[in-house]
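Inspection log for the structure reproduced underneath, given as structure tokens.
The values are calculated or read from the model by the stated rules, or taken from the named source; none is laboratory data. Since we're looking at a predicted model, the values are computed, not measured. Quick note on the areas: whole protein, heavy atoms, side chains included, nothing else; ligands and nucleic acids left out. Shrake-Rupley method; radii C 1.70, N 1.55, O 1.52, S 1.80 Å.
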Amino acid sequence: KAKKLFTLAFIRRDNQVLLGLKKRGFGVGKWNGFGGKLNPNETLIDAAQRELEEECGLRSDHLAKMGVLYFEFEDNPVLMEVHVFQTSDFTGEVKESEEMKPQWYDLRDVPFSRMWPDDVFWWPYLLEERKFTGYFKYKDQETIVDYVIEETAAL
Ligand SMILES: CN1CCN(c2cc(NC3CC3)nc(N)n2)CC1
């Protein structure tokens with residue numbers, strides 16, 4: 001299977017999380033963390049830091065690896081491998097980008113109905129700082145047909 005690497009970073013502050021509304025492209029109209037593809041010769045952390053700054057204006061040298069998510073769509077041969085990071089140690093000012101409109105959410109009000117359907121399954125691990133590995137098979141962008149998620153000792 002052809003694998004494609006992506007990053008996804010979440011910024012925490014007190015009992016809030018910073019989410020971005022995707023303004024175009026894949027996942028448009030959904031709230032999510034900040035991330036994207038790796039450039040050639042870029043490490044996962046480099047790409048996560050770059051995408052974070054590009055998409056919301058914040059910078060962090062302390063992105064903690066929290067999980068790895070694999071996604072497959074029934075009609076698509078590519079396996080998406082998304083590395084999930086989190087930090088509460090960041091600098092800079094939140095700013096809207098062409099890709100994302102950032103907004104702070106209280107952890108009790110996370111808009112799961114306007115996020116990718118898989119999020120409800122792995123966010124509990126993220127919020128409890130428990131490392132996770134998940135695999136989700138999608139029929140279409142709204143329908144998960146199969147999934148596995150487990151806590152992972154070392155990532
Ligand atoms: C660069 N981006 C980062 C975010 N990412 C996804 C995907 C996803 N589910 C997959 C069925 C699509 N779920 C979340 N929460 N994020 C896709 C690649």
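The value obtained for region 86-155, namely the Cα convex hull volume divided by the number of residues, is 135 Å³ per residue.
For the chain, the carbon plus sulfur part of the accessible surface works out to 49%, probe radius 1.4 Å. Distant-in-sequence amide contacts of Leu58, defined by a placed amide H-H separation under 5 Å and a gap of 5 or more residues or a different chain, comprise Lys95.
Karplus-derived 3J(HN,Hα) values for region 122-139, using 6.51 cos²θ - 1.76 cosθ + 1.60 with θ = phi - 60°, are 10, 4, x, 5, 4, 5, 8, 6, 9, 6, 9, 10, x, 10, 10, 9, 9, 7 Hz; glycine and proline are entered as x. Only lysines eight or more places from Lys101 in sequence, or on another chain, were considered; those with a Cα closer than 26 Å are Lys4, Lys22, Lys23, Lys30, Lys37, Lys65.
Annotation: amide H of Met100 within the under-5 Å range of Lys23, sequence separation 5 or more or interchain, hydrogens built in the peptide plane. Counted residue by residue at 0.36 nm each, then reduced by the alpha carbon distance between them, the extension gain from Asn41 to Lys95 reaches 16.7 nm. With Rh defined as the Kirkwood radius, the inverse of the mean 1/r over Cα pairs, the Rg/Rh of region 1-134 is 0.93.
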